[in-house]
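The values are calculated or read from the model by the stated rules, or taken from the named source; none is laboratory data. Values in this document were obtained by computation on a predicted structure and should not be read as measured data. We place every Cβ from the backbone using ideal geometry, glycine too, and count neighbours over all the protein chains shown.
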There are 2 protein chains.
Amino acid sequence: MTRQKRAVAAVLAETNEFTSAQELHARLREHGERVGLATVYAQLRGLADTGAVDSLRSESGETLYRRCGLSGHHHHLVCRQCGRAVELDAPEVEAWAHTLGQRHGFRDLEHVLEITGICDRCAAGPPRGATV
Amino acid sequence: MTRQKRAVAAVLAETNEFTSAQELHARLREHGERVGLATVYAQLRGLADTGAVDSLRSESGETLYRRCGLSGHHHHLVCRQCGRAVELDAPEVEAWAHTLGQRHGFRDLEHVLEITGICDRCAAGPPRGATV
DNA sequence: ATCGTTGCAAATGTTTTGCATGTCA
DNA sequence: TGACATGCAAAACATTTGCAACGAT
């Protein structure tokens with residue numbers, strides 16, 4: 001357990017939003033924590049492997065990470081503007097995906113479901129004075 | 001309408017599987033068509049924008065493209081081994097995603113659903129003599 | 001002392017861009 | 001002709017890796 005590991009865990013714990021490795025690295029610097037970018041990547045990969053964080057690929061090609069609340073398989077509802085995320089349990093979809101896969105002769109089924117939208121806060125308009 | 005545009009459309013029409021820009025470019029060379037890599041990327045981006053092809057990001061970070069059969073919004077069941085894809089219509093999921101998003105105060109909802117598995121052909125085992 | 005972790009810089013791989021040239025309408 | 005497409009090489013970008021120094025147990 002190193003200082004860097006703790007630091008990465010700390011920034012991850014700070015937010016509920018999906019964040020890129022680059023941004024997390026920047027945030028660490030802001031906090032005065034000196035952690036190498038390569039180390040951040042290594043940590044995140046490790047955490048994602050063990051399921052301690054969720055990861056998904058943004059439209060722009062970055063991999064985004066978020067500390068994981070639910071332990072098992074689940075989905076996300078993510079705000080396209082602010083990145084705020086809600087974790088979802090979706091038994092119906094699980095069943096549906098499974099049935100449908102089998103009907104087509106597929107096995108070892110997995111699936112990815114991400115719902116995106118604009119959350120109520122963002123829809124309410126940018127905070128007064130913001131230059132967005 | 002240029003020779004290159006036709007050529008890209010042609011290779012796309014050849015297969016039902018998700019294919020990377022790099023691979024499509026290679027395939028064009030095999031066909032003796034001389035098309036620049038940058039042009040292939042430009043074409044694919046354009047086609048994806050107009051919805052003429054579907055695109056998704058592979059786990060390895062490449063963007064994969066596939067000519068689109070269904071015109072509207074739909075999902076895919078993709079074989080992780082051979083890339084074979086089945087296009088799916090999923091009204092139940094549409095409704096579910098929409099309801100759930102609204103319940104959480106999100107608007108302008110979109111969603112991505114990809115189901116992956118091993119298709120029957122691949123599950124039947126590798127052809128005899130293969131060294132997998 | 002040992003072995004995994006770190007961190008820099010360089011490498012990798014995909015995609016984009018600048019810009020001169022070619023080509024369709 | 002005149003705007004737009006092309007294509008090369010170089011840039012931009014995220015991510016990974018090689019390897020020497022470091023630090024936790």
Q) Here are A:V35, A:V8, A:V40: which of them is touching a helix residue (DSSP H, G or I) at 6+ places or on another chain (Cβ under 7 Å) and more than 13 Å from DNA strand D (Cβ to nearest atom)? A) A:V8
**Q.** Among (1) loosely packed, with under 12 Cβ neighbours inside 10 Å; (2) over 15 Å from B:A21 (Cα atoms); (3) within 11 Å of chain A (Cβ to nearest Cβ) - the single one B:L77 does not satisfy
**A.** (1)
Q: Check whether at least one residue in the range B:17-28 is among the polar types (S, T, N, Q), more than 9 Å from DNA strand D (Cβ to nearest atom), modelled with pLDDT of 95 or more and assigned to a helix (DSSP H, G or I), and report yes or no.
A: yes
Q: Determine whether A:V35 is within 12 Å of DNA strand C (Cβ to nearest atom), surrounded by 18 or more Cβ atoms within 10 Å (Cβ to Cβ) and assigned to a loop (DSSP other than H, G, I, E, B).
A: yes
Q. Quick one: B:G61 ticks every box in (1) assigned to a strand (DSSP E or B); (2) modelled with pLDDT of 85 or more bar one, so which box is it?
A. (1)
Q: Just one of (1) within 16 Å of DNA strand D (Cβ to nearest atom); (2) exposed (fewer than 13 other Cβ atoms within 10 Å of the Cβ); (3) within 14 Å of chain B (Cβ to nearest Cβ); (4) outside any loop (DSSP other than H, G, I, E, B) trips up A:E92, so point out which.
A: (1)
Q. Got a number for residues in the range A:60-89 being within 18 Å of A:L24 (Cα to Cα) and among the charged types (D, E, K, R)?
A. 4
Q: Could you list, in sequence order, all residues of the range B:53-74 that are among the aliphatic types (A, V, I, L, M), surrounded by fewer than 13 Cβ atoms within 10 Å (Cβ to Cβ) and either closer than 23 Å to A:C79 by Cα or in contact with a helix residue (DSSP H, G or I) (Cβ under 7 Å, 6 or more places away or on another chain) (or both)?
A: none
Q | Test result for A:E87, among the charged types (D, E, K, R), in a helix (DSSP H, G or I), within 12 Å of chain B (Cβ to nearest Cβ) and surrounded by fewer than 17 Cβ atoms within 10 Å (Cβ to Cβ) | A | no
Q. Restricting attention to the range A:41-63, which residues are within 14 Å of chain B (Cβ to nearest Cβ), more than 14 Å from DNA strand C (Cβ to nearest atom) and either touching a residue at least 60 places away in the same chain (Cβ under 8 Å) or under 16 Å from A:A10 (Cα atoms) (or both)?
A. A:A48
